[in-house]
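Peer 1: One structure is given below, represented as C-alpha cells, and several questions about it will come after.
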Amino acid sequence: MNQDRDDCESLAGSYDAAMADNEVAPRERLADLRRAIEDHNRRYYEEAAPIISDREYDRLFRELADLEKSFPELAAADSPTQRVGGKPLKAFGQITHRVPMLSLDNTYSEEEVKDFYARLERLLPNQKIPVVIEPKVDGVAVSLLYEKGILRYAATRGDGSVGDDITQNIATIRSVPKRLKGNAPDILEVRGEAYLDKNGFAKLNAERSKAGLPEFANPRNAAAGSLKQLDPAIAAQRPLGVIFYGTGALEGLALEKHSELFAELKKLGLPGTERWWVADSLEEILSAIHELDRLRHDFPYQTDGAVVKVDSLAQREILGLTAKSPRWAIAFKYEAERVETRLQDILIQVGRTGTLTPVAALEPVTVSGSRVARATLHNEEEIERKDVRIGDVVIVEKAGEVIPAVVGVRTDLRTGAEKKFRMPKNCPQCGSLVVKDEGQVAIRCVNSRCPAQLRRRIEHFASRGAMDIEGLGEAMVGQLVENKMLRDVAGIYSLDATTLSKLERMGEKSIGNLLAAIERSKSRPLWRLLFGVGILHVGVSGSRALANHFPHLDAIMKASVEELQRIPDVGEVMGQSIYDFFREPGNVETIEKLRGAGLQFNGEEKKPGPAASTIRGTTWVITGTLSQSRDEIAETIIAHGGKVTGSVSKKTNFVLAGEEAGSKLEKAKKLGIRVVDEAEYRKML
Ligand code: IVH
C-alpha cells in the first residue's frame, strides 16, 4: 500500500526510460525513483502542473516503497516515503497542530481492503467491528481550531506537525462558520478537506485559459492554489467549500463512535459528507464502496475514493498507529475512467502571448459522463515523451473528472500509417516565424500584430476578470478585428456608434449598451488595467501587488528591474517581464492612448494588511452600482475581518453606496448610519 499523494506537499522527477528498466541496480533505481517522485511532487504541489496521472504517480511510489522494503539497508530518512507532507510555505505564519495530522494508507485493490479487514479481525478477535465508509474528498487537508465556538485559526497540514496559517483565506469561505451553532465544545480542532466545486473549477479554468494563464490540472490543485494565495481577496473569488470528517484535539464533547460525529457537525453548523455507510462485514464494505462509486459523480465536489474507518473510538485506541497512518483506516481509490479513441489530428492554438499549444482532435468519445472531442497535449516535449502520433489509438482520461488528457498510446495497434508530429516553424495564423525562449518548453509567435494574438489580447482585456466590458465577448471582438476596426486594446476607446452600426446584428440599443459598458470600464482600478494589458507572466496577484506598491502607472513604467523584482509577489521573472513590456515602443504607444482616453492610472492606497484594517469587526451593507460586483466587495470586506448583511439596521456600521442607491441609502440616512462611497471604502482597505 502506498501513501496518498495528497499528503506529500513537496514530493517530485521525470520518469524516463532508464527508470522503467528493472535491470538497473537497486541502489541506482532507488535514487532515480526518489528523484522522480521529488520532481513530480514539485510539479504537482508547487507548480500545479503535473505531467503524469495520479495512477502513474502511485505506481512509482509503490515501486519505491517495495524496493525499500526489500532492501532495508538502503532506506533513507529523507526518502519521500518517510514524509507525511512537505515544507510549509515561508510566506505564511506557522501553526503547530495540537494533535498531528496523519495520512492514510491507500489502495486501488479490493483484495487489499480484504486484507485490511482480516487484519482488524486478527487484532480484535471475537469482536464485532463496525466500520464507516465515507467519500474521500479530493481537495486539500485543513485543520480549524474553534475555542468556545469561535474560529481561532485555520491551517494546512504542512508536514503533519506544523502547517501554514491560512485563517484569512478560510475565513472567506461562506459555508465555514466563524462562530459555531448550539452547544459548542470548549476546544474543537476539526479536520476536513477544502475543495473547489466542479462547476467553479470549470469556470475558473475557462477564465484562466481566456486570460492566457495556465489552467489548473484538477480541482485539487486549484483549491491548493487558492488557499495559498497571499491575497485573501483572490481566495475569496474562488468558490471554495470544506467537508469536515474528523477531529484532532477535542475537549468538552465525549464521543464513543465516529458515526456520532456526523450529527454533531450538523448541530454545530459545520458541513459534513452527504453520504456515509456503516458496515459489519467485508461484503457490506465492498457493497458500500460500489454504491458510493455510482453516486459520487453527482456530488458537487470531486471525490477519488472511499475511506473505510473503524467506527468505535475504543477499538481505534487498541489498533493504534504506524509511523504515519492509523491502523484503523484505509482509503480505497477508484480508477479514473479511461477510454480509447482515434487521434484524428493535432491542432495548434495561438494564445494571447503568442504561445502555440498543441491540442488533440479526437474522434468524439464519452468519458466519465461527457462527450470529449478535444484534449490538451501540453507541448511538444510531452508529445515526444508519450510518442503520440497522428492516427494513433490513444488512451484518454478525464483528469480530476474534468479536463480530458491523452495519457497514453496503444502502440500495439499501430499500422505504420501514423504520422509523427512536429511543431510548425511558422505561426499557423499569421505565418511569422516562431521562437523557443531559452529554458522554456513553449514555442511562441513573436509577431505582436498576429491577428490570432490580437483577438485573444482584446478578449482578455475586456474579460470579466480584467476590465469587465460587457458585450465585448469573443464574437464581437472577432468581427471588430476581422473588419480592421480594432488594431490594439486602446482602439476600444475610439469605437463610436457609426463604426459599430456597420457590424452584423448591431441595433441602436446594443450599440448604446456597448458604448456605456466601455465608458464604465474607464474607472476600473489600476490592477485590472495592468492585468488587462497582458504582460507576460503577470496574473491577478502580480497586478494587485504592483497597484498596491506604486502610486501611479507612470512610476511602474519608470521603475528599474531591481525595484520591480524586490516586490513580494512579483519576483525575478515577472519583474523582468514588466520591465521589458514598458520598453516596447508599441506597448508605450498603447498606454499613451489609454491615458488619452482617461483611464484610471492611479495606484491603490497602501494597505496596512488585513489584520490592521479599520474594517475588522464592523458590519456593512452594500447598495447601488459599484465598479466591482457586490459579491466581490463583500468577500473583500469579509477577508478584512468585517461582516456584510443584506439590510440596514442599528447594528450596521457602514453603508457602502454606489450609483443609483435607493431605499437602503435612505434608511441609513434616517438611522444616522455612516455612508461611504467607493473611494472612501478603498481608502479604508
Ligand atoms: S480521514 C488519520 N476522511 O485524504 C486519517 N481523510 O491520506 C485522517 N481525505 O489525509 C484522514 N476525505 O486529507 C479522512 N473522509 C475522509 C477524507 C480524508 C479526504 C483526505 C485527507 C487524508 C487523505 C488520505
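Peer 1: Please give the residues of the range 625-648, grouped as numeric ranges, whose backbone N is less than 13 Å from a label point set 7 Å along the Cα-to-Cβ vector of Glu659.
Peer 2: What the label zone holds, given the 13 Å backbone N cut-off, is 625-628.
Peer 1: Another question, if that's okay. Considering only DSSP beta bridges whose two residues both sit in the chain, what percent are antiparallel, to the nearest 5?
Peer 2: 85
Peer 1: Say the dipole of the chain comes from +1 at the beta carbon of Lys and Arg and -1 at that of Asp and Glu; which of Leu295, Ala597, Gln237 then lies farthest toward its positive end?
Peer 2: Value: Ala597.
Peer 1: Moving on to the next point. Rounded to the nearest 20 Debye, what is the dipole magnitude of the chain about its Cα centre when Lys and Arg each give +1 and Asp and Glu each give -1 at the C-beta?
Peer 2: Dipole of the chain, to the nearest 20 debye: 2440 debye.
Peer 1: A further question follows. Full extension from Asp677 to Arg35: what is 0.36 nm times the residue separation minus their Cα-Cα distance, to one decimal in nm?
Peer 2: My answer for the length gained is 225.6 nm.
Peer 1: Can you classify the range 209-341 as rounded, prolate or oblate using the Cα gyration tensor, where a ≥ b ≥ c are the square roots of its eigenvalues, rounded means a/c under 1.5, and otherwise it's prolate if a/b beats b/c and oblate if not?
Peer 2: Oblate is the answer for the range 209-341, as a/c is 1.5 or above yet b/c matches or exceeds a/b.
Peer 1: Between Lys148 and Glu317, what FRET efficiency follows from the Cβ-Cβ distance if R0 is 41 Å, with the result rounded to 0.05?
Peer 2: My answer for the efficiency is 0.95.
Peer 1: Please state the shape class of the range 312-461: rounded when a/c is under 1.5, otherwise prolate if a/b exceeds b/c and oblate if not, all from the C-alpha gyration tensor.
Peer 2: It comes out prolate by the Cα gyration axes.
Peer 1: Let me ask something additional. Starting from the Cα gyration tensor of the chain, take the square roots of the eigenvalues, sort them a ≥ b ≥ c, and report rounded, prolate or oblate (rounded when a/c is under 1.5, otherwise prolate if a/b is larger than b/c, else oblate).
Peer 2: Note, shape of the chain comes out oblate.
Peer 1: Mind giving me the nanometre distance, one decimal, between the label points for Lys203 and Lys522, set 7 Å out from Cα along Cα→Cβ?
Peer 2: Using points 7 Å along Cα→Cβ, the separation is 3.1 nm.
Peer 1: Counting other C-beta atoms within 10 Å, which of Thr303, Thr107 has the fewest, and how do the rest follow?
Peer 2: Thr107, Thr303
Peer 1: For each pair in Lys198/Lys267; Lys267/Lys651; Lys257/Lys309; Lys558/Lys683; Lys203/Lys484, compute the distance between the two Cα atoms and list the pairs where it is over 20 Å.
Peer 2: Lys198/Lys267; Lys267/Lys651; Lys558/Lys683; Lys203/Lys484
Peer 1: Relative contact order for the chain: what is it in percent, counting Cα pairs under 8 Å that are at least 6 residues apart?
Peer 2: Relative contact order for the chain comes out at 10 percent.
Peer 1: So what's the convex hull volume per residue for the Cα atoms of the range 133-174, in Å³?
Peer 2: 125
Peer 1: While we're here: At what distance in nm do the modelled label points of Ser432 and Glu572 sit from each other, each positioned 7 Å from its Cα along Cα→Cβ?
Peer 2: About 2.8 nm separates the two model spin labels.
Peer 1: Could I ask something else about it? Using 0.36 nm per residue, how much length does the chain from Val446 to Lys650 gain when fully extended, once their Cα-Cα distance is taken away?
Peer 2: Extending this stretch completely gives an extra 67.5 nm.
Peer 1: Please list, short to long, the whole-number percent of alpha-carbon pairs of the range 403-541 in consecutive 5 angstrom bins beginning at zero.
Peer 2: P(r) over the range 403-541, rounded to whole percents: 2, 8, 15, 16, 15, 13, 10, 8, 6, 4, 2, 2, 0.
Peer 1: With +1 on the Cβ of every Lys and Arg and -1 on the Cβ of every Asp and Glu, and nothing else charged, how large is the dipole of the range 297-337 about its Cα centre, in debye rounded to the nearest 20?
Peer 2: With only Lys, Arg, Asp and Glu charged at Cβ, the dipole is about 340 debye.
Peer 1: Also: Mind sorting His97, His537, His297 by how few other Cβ atoms lie within 10 Å of their own Cβ, fewest first?
Peer 2: With the fewest neighbours first, His97, His537, His297 line up as His297, His537, His97.
Peer 1: Another question about this same structure. For Ala254 paired with Glu291, estimate the spin-label separation in nm (one decimal), with each label point 7 Å from Cα along the Cα-to-Cβ line.
Peer 2: About 3.2 nm separates the two model spin labels.
Peer 1: May I pose another question? Taking K and R as +1 and D and E as -1, what net charge do the other residues with C-beta under 14 Å from the C-beta of Leu261 add up to?
Peer 2: Computed value for this residue: 0.
Peer 1: Under unit Cβ charges (Lys, Arg +1; Asp, Glu -1), what dipole magnitude, rounded to 20 debye, does the range 220-368 have relative to its Cα centre?
Peer 2: Its charge dipole is roughly 580 debye.
Read-outs: derived from the displayed coordinates by stated rules, not from any lab. Computed from a predicted model, the values in this text were never measured in an experiment. No Cβ is skipped: glycine too gets one built from the backbone with ideal geometry, and neighbour counts run over all protein chains shown.
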